[in-house]
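Undergrad: Here's a structure for you.
The values are calculated or read from the model by the stated rules, or taken from the named source; none is laboratory data. What you are looking at is a predicted structure, and each value in this text was computed from that prediction instead of being measured. Virtual Cβ from ideal backbone geometry, glycine too; neighbours counted across all protein chains shown.
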Ligand SMILES: NC(=O)c1ccc[n+]([C@@H]2O[C@H](COP(=O)([O-])OP(=O)(O)OC[C@H]3O[C@@H](n4cnc5c(N)ncnc54)[C@H](O)[C@@H]3O)[C@@H](O)[C@H]2O)c1
Ligand SMILES: C[N+](C)(C)CC=O
């Protein structure tokens, strides 16, 4: 299989070969090399940022509706090519084609459409001050750096590019070194849609290239999707230059199932919240709290339904469970499963699996202090925990440094809203899980991140406010 792009980087509207170390792209299902890329050199990172800074003022000077039109055209191109793009996403990530066809580029297209449509309605305020008045202008930040994780590479690139570009910023994007292909396609598509050269650039590389990008003097904002430890480093580096940040980081989110929940829907949600994308989703509800009255029925049904999961070739449309991104990540997940067993938890189903595959794995008899309950595993591993009452489960759900997401299943809507109001999480679901429509803000509290993606809220994170006082009379001075 060959997925070789024209070149590794995309700078100033052109494919450019990287001058750094080799960056082989491996298909997670077979380990076969499907493309051979090169990292950017630090000089190329600086060049991409210079190009972006030079191009940005003219882009910002366009009427917002013209910028919106470019984003709309890009969304239309993505929709026309969804099949080809989704196949590439599957090769890059190993995620089943059944998922990538409906979830990845589709979500990216929706972001481009949403922010394209928002373009003309981004306005300031007027503030009456007697005979004088003031007004505010929402202005772009300048050059935004985007740094992505490997689980949703194209969605992440679009979620960052769409609000940044519509506000009149330029972007230099560094995809994860594991999944470098989708962002290059996005750069080509945006150019074809009419985006001026230099406004969306792609550099490739491992962490040190991300570090060079986040500290480049031309960069005004860094938006990272990645783990909490990387987030800490990037936030600290950005602080040096007083740069704006958005941090979309990891989680260990609670999914609380009360006795009165619809058991079939709760099981469906728990499976989606742990096994979709082979469990490699930041917001997954990996701590499933089951109230005592529903616990046994839930686990019986879960064990039955896990048998319907089809693990195998990601390009087979019938496959619902693909491989793990790489052997190192599979090794970390296996170590987490082994530690759960050593600490006394019991496997309802699943286990370490073989090679690139880890089957859907469910732990019972776990306790809150076990590492399988405390630490993000980022694989298809669900930890189930029993509970008796509402007060107890809220305290236990919040007993974590993470704060990305949470879910509640109950038919008592008063209780649902009461519990959600007390959960420390940025994105919550009631009788649903992991749906992230572009209209709804997505983001975290506590260690899981800062800022919001999607919705009109994202505009605030890719812009700054200028206040203008307008004097309508003379100026009195005491001297
Ligand atoms: N909250 C969200 O929206 C969201 C979405 C997807 C993934 N994630 C999180 O991402 C993690 C998995 O992804 P990952 O393994 O790619 O994360 P990671 O933190 O290892 O890497 C993320 C990105 O940061 C870059 N990077 C690494 N060190 C850097 C440094 N010092 N300076 C700048 N950039 C650096 C990497 O090259 C990569 O592009 C999980 O923790 C998951 O929860 C969060
Ligand atoms: C943002 N989301 C939840 C779609 C993918 C995160 O891993």
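Undergrad: Which numbered condition in (1) farther than 18 Å from residue 101 by Cβ; (2) within 16 Å of ligand 1 (Cβ to nearest atom) is the only one that residue 301 fails?
TA: (2)
Undergrad: Moving on. Of all the strands (runs of 3 or more DSSP E) wholly in region 373-479, which have at least 1 residues that are in contact (Cβ under 8 Å) with a residue 12 or more places away in the chain and under 15 Å from the mean Cα position of the chain (by Cα)?
TA: 405-409, 427-430
Undergrad: Right, something else. Which residues, taken from region 35-50, are closer than 18 Å to residue 178 by Cα and under 25 Å from the mean Cα position of the chain (by Cα)?
TA: Passing the criteria: 35, 37, 38, 39, 40.
Undergrad: Sticking with this structure for a sec: Has region 49-58 got at least one residue that is surrounded by fewer than 24 Cβ atoms within 10 Å (Cβ to Cβ), in a helix (DSSP H, G or I) and touching a helix residue (DSSP H, G or I) at 6+ places or on another chain (Cβ under 7 Å)?
TA: Taking every residue of region 49-58 in turn, none turns out to be surrounded by fewer than 24 Cβ atoms within 10 Å (Cβ to Cβ), in a helix (DSSP H, G or I) and touching a helix residue (DSSP H, G or I) at 6+ places or on another chain (Cβ under 7 Å).
Undergrad: Moving to a separate point now. Kindly list the number of the only condition in (1) more than 30 Å from residue 421 (Cα to Cα); (2) touching a helix residue (DSSP H, G or I) at 6+ places or on another chain (Cβ under 6 Å); (3) crowded, with 24+ Cβ neighbours inside 10 Å that fails for residue 194.
TA: (3)
Undergrad: Considering 318, 269, which residue is away from ligand 1 (no atom under 16 Å from the Cβ) and over 30 Å from residue 32 (Cβ atoms)?
TA: The unique qualifying residue is 269.
Undergrad: Tell me which of these residue 19 doesn't satisfy, since it passes every other one: (1) farther than 26 Å from residue 162 by Cα; (2) in contact with a helix residue (DSSP H, G or I) (Cβ under 7 Å, 6 or more places away or on another chain); (3) surrounded by 19 or more Cβ atoms within 10 Å (Cβ to Cβ).
TA: All conditions pass for residue 19, except number (3).
Undergrad: Right, next: Condition check: surrounded by fewer than 24 Cβ atoms within 10 Å (Cβ to Cβ) and under 18 Å from the mean Cα position of the chain (by Cα). Does residue 242 satisfy that?
TA: No.
Undergrad: Do we have residue 235 as touching a residue at least 24 places away in the same chain (Cβ under 8 Å), farther than 20 Å from residue 346 by Cα and within 16 Å of ligand 2 (Cβ to nearest atom) here?
TA: Criteria not met by residue 235.
Undergrad: Please go through region 130-150 and give me each residue that is in a strand (DSSP E or B) and more than 16 Å from ligand 1 (Cβ to nearest atom), ordered by number.
TA: 132, 133, 134, 135, 136, 137, 138, 139, 140
Undergrad: Checking the condition surrounded by fewer than 17 Cβ atoms within 10 Å (Cβ to Cβ), touching a helix residue (DSSP H, G or I) at 6+ places or on another chain (Cβ under 9 Å) and under 23 Å from residue 413 (Cα atoms), which residue from 268, 283 passes?
TA: Exactly one of 268, 283 is surrounded by fewer than 17 Cβ atoms within 10 Å (Cβ to Cβ), touching a helix residue (DSSP H, G or I) at 6+ places or on another chain (Cβ under 9 Å) and under 23 Å from residue 413 (Cα atoms), namely 268.
Undergrad: Name the single residue, out of those in region 175-186 being in contact (Cβ under 8 Å) with a residue 60 or more places away in the chain and either near ligand 1 (Cβ under 9 Å from one of its atoms) or farther than 13 Å from residue 160 by Cα (or both), that is surrounded by the fewest Cβ atoms within 10 Å (Cβ to Cβ).
TA: Among them, the one singled out is 177.
Undergrad: When region 141-172 is examined, which residues are found to be under 23 Å from residue 235 (Cβ atoms), crowded, with 23+ Cβ neighbours inside 10 Å and away from ligand 2 (no atom under 16 Å from the Cβ)?
TA: Those that are under 23 Å from residue 235 (Cβ atoms), crowded, with 23+ Cβ neighbours inside 10 Å and away from ligand 2 (no atom under 16 Å from the Cβ): 143, 144, 145, 164, 167, 169, 170, 171, 172.
Undergrad: In region 238-266, what count of residues is obtained for those that are more than 25 Å from residue 441 (Cβ to Cβ) and either within 14 Å of ligand 1 (Cβ to nearest atom) or free of Cβ contacts under 8 Å to residues at least 24 places away in the same chain (or both)?
TA: Number of matching residues: 2.
Undergrad: Suppose we filter 37, 112 for residues that are in contact with a strand residue (DSSP E or B) (Cβ under 7 Å, 6 or more places away or on another chain) and at pLDDT 95 or above; which single one remains?
TA: On inspection, the qualifying residue turns out to be 37.
Undergrad: Tell me whether region 95-106 contains one or more residues that are in a loop (DSSP other than H, G, I, E, B) and surrounded by fewer than 19 Cβ atoms within 10 Å (Cβ to Cβ).
TA: No.
Undergrad: Give 144, 158 a once-over and let me know the one that is more than 14 Å from the chain's Cα centre (by Cα) and closer than 22 Å to residue 436 by Cβ.
TA: 144
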